[in-house]
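A.B. asks: For reference, the structure I am asking about is given below.
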Amino acid sequence: MTLEHSIMAVLAIIGGLAVLVLCAGLLIALLVYVTSREDVNCVFDRDPAARTTFEVMTCYPGLHARVVHRVSRALWKSGFKWPARFLSHLARSVTGIEIHPGATIGRRFFIDHGMGVVIGETAEVGDDVT
């Protein structure tokens, strides 16, 4: 391998890392934008292990699933069925929690240790449910 090829390989790795950091930053920005203070507070109210807002926003897959559900639900209700389902599928892949975009979820809903949780299309979850 020549020096030129080595430099190109290093630049490709740095470029890939930069893209990952940018994507993570955009994801965190979206999370902050879509997540309400009420969502974060309900985690603090129900999980004594929660220490900081940053930790809750970045390390709680139940919160992530709920935030993505809020977006996919809006798409679903607007008639964009496939994008809503695909977004919920992506969220399931990342969080391990499947919430169908057609499911009705109340306020201050909290999923703790949610790996494998499935909430179907016809489910109706009320307010203040853990």
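The values are calculated or read from the model by the stated rules, or taken from the named source; none is laboratory data. No experiment lies behind these values; they were computed from the predicted model shown. No Cβ is skipped: glycine too gets one built from the backbone with ideal geometry, and neighbour counts run over all protein chains shown. Quick note on the areas: whole protein, heavy atoms, side chains included, nothing else; ligands and nucleic acids left out. Shrake-Rupley method; radii C 1.70, N 1.55, O 1.52, S 1.80 Å.
A.B. asks: Considering only Leu87, Leu63, Leu11, give the residue with the highest GNM mean-square fluctuation for the chain, with springs between Cα atoms whenever their separation is below 10 Å.
C.D. replies: Leu11
A.B. asks: Roughly speaking, what is the centre-to-centre gap between the range 81-130 and the range 52-74 when only Cα atoms are used, to the nearest Å?
C.D. replies: So the two Cα centres are separated by 11 Å.
A.B. asks: Mind checking the full-extension length gain between Phe86 and Ala12? Use 0.36 nm per residue of separation minus the Cα-Cα distance, one decimal, nm.
C.D. replies: On the way: separation 74, 0.36 × 74 = 26.64 nm, distance 2.98 nm.
Once the chain is fully extended between Phe86 and Ala12, it gains 23.7 nm.
A.B. asks: Report the per residue volume, in Å³, of the convex hull enclosing the C-alpha atoms of the range 49-128. Mind showing how you got there, number by number?
C.D. replies: Details: hull volume 6.9 nm³, N = 80.
In the range 49-128, the Cα hull volume divided by residue count equals 86 Å³.
A.B. asks: Scan the chain and hand back the longest stretch that contains none of the trypsin sites (Lys or Arg not before Pro) lying in DSSP loops with at most 16 other Cβ atoms within 10 Å. Display every interim value, and only then the final one.
C.D. replies: Details: sites that count: Arg51, Arg107.
The longest such stretch corresponds to 52-106.
A.B. asks: Hey, any idea what % of the range 48-130's accessible area is carbon plus sulfur with a 1.4 Å probe?
C.D. replies: Numbers: 2850 of 4770 Å².
Exposed carbon and sulfur together represent 60 percent of the surface.
A.B. asks: How many nm is it between the label spots at Val129 and Val94, if each spot is 7 Å from the Cα in line with the beta carbon?
C.D. replies: Using points 7 Å along Cα→Cβ, the separation is 2.3 nm.
A.B. asks: What distance in nm separates the two pseudo spin-label positions at Phe54 and Thr104, each 7 Å out from Cα along the beta-carbon direction?
C.D. replies: Result for the modelled spin labels: 4.0 nm.
A.B. asks: Mind checking which of Leu17, Leu90, Leu75 has the largest fluctuation in a GNM of the chain, springs on alpha carbons under 10 Å?
C.D. replies: Leu17
A.B. asks: When all alpha-carbon pairs of the range 83-122 are counted, what percent fall beyond 16 Å? Intermediate results must be reported in sequence, preceding the final value.
C.D. replies: On the way: 252 of 780 pairs.
Every Cα pair in the range 83-122 considered, those over 16 Å come to 32 percent.
A.B. asks: Per residue, how large is the accessible surface of the chain? Use a 1.4 angstrom probe and give square angstrom.
C.D. replies: Values: 8330 Å² over 130 residues.
Accessible surface, normalised per residue, equals 64 Å².
A.B. asks: Kindly express, to the nearest 10 degrees and within the range 0 to 90, the angle between helix 3-34's C-alpha long axis and the longest C-alpha principal axis of the chain.
C.D. replies: On a 0 to 90 degree scale, this one is about 20.
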